[in-house]
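Rule-based calculations on the coordinates, nothing more; no lab input. Fair warning: this is a prediction, and the values are worked out from it, not measured in the lab. Positions of Cβ are backbone-derived with ideal geometry, glycine not excepted, and every protein chain shown enters the neighbour counts.
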Amino acid sequence: MSETKLKPCPFCGEEPFCGTDAQGWGVICTSMQQCDVSPTTTYHESEEDAVAAWNNRPNEKGLTFDASETEIILAALSLWGVENNRDLDDLCEKIKSGGK
Ligand SMILES: [Zn+2]
């Protein structure tokens with residue numbers, strides 16, 4: 001096994017398996033019991049390439065957000081012009097009436 005650590009499966013969070021057969025190296029999520037997707041890489045010439053392919057997550061940054069729930073809510077409220085309880089009541093009424 002190489003020193004590079006495999007990222008957990010993005011669908012079930014379990015540790016994947018890296019192995020080789022006649023066609024080459026590949027990484028697969030073998031957690032069949034819990035994983036509804038069981039993703040696998042295509043075949044690669046080396047273990048390093050297979051691990052790199054598995055660990056490559058171009059959208060990962062877009063999926064994480066470094067803010068607390070409170071910060072997100074406050075930012076959203078400020079975006080909607082909510083600065084006090086009366087504004088909040090108005091916003092709630094607007095939402096209830098379908099934005100009219
Ligand atoms: Zn999985």
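Legend note: in the chain, cysteines whose Cβ sits 4.7 Å or more from every other cysteine Cβ are CYS18, CYS92.
If you fit an axis through the alpha-carbon atoms of helix 85-96 and take the longest principal axis of the Cα set of the chain, what angle between them do you get, 0 to 90°, nearest 10? Around 70 degrees separate the two axes. Count Lys and Arg as plus one, Asp and Glu as minus one, and take only other residues whose Cβ is under 13 Å from that of LEU79; the net charge is then -3.
This model, with +1 at the C-beta of Lys and Arg and -1 at the C-beta of Asp and Glu, gives the chain a dipole about its Cα centre of some 420 debye. Projecting the Cα atoms of GLY24, THR41, ALA75 onto the charge dipole of the stretch 1-98, computed from C-beta unit charges around the Cα centre, puts ALA75 farthest toward the positive end.
Could you give the longest part of the chain that holds none of the GluC sites (Glu not before Pro) found in DSSP loops with at most 12 neighbouring Cβ atoms within 10 Å? Please report the intermediate quantities before stating the final value.
On the way: sites that count: GLU3, GLU45, GLU83.
It works out to 4-44.
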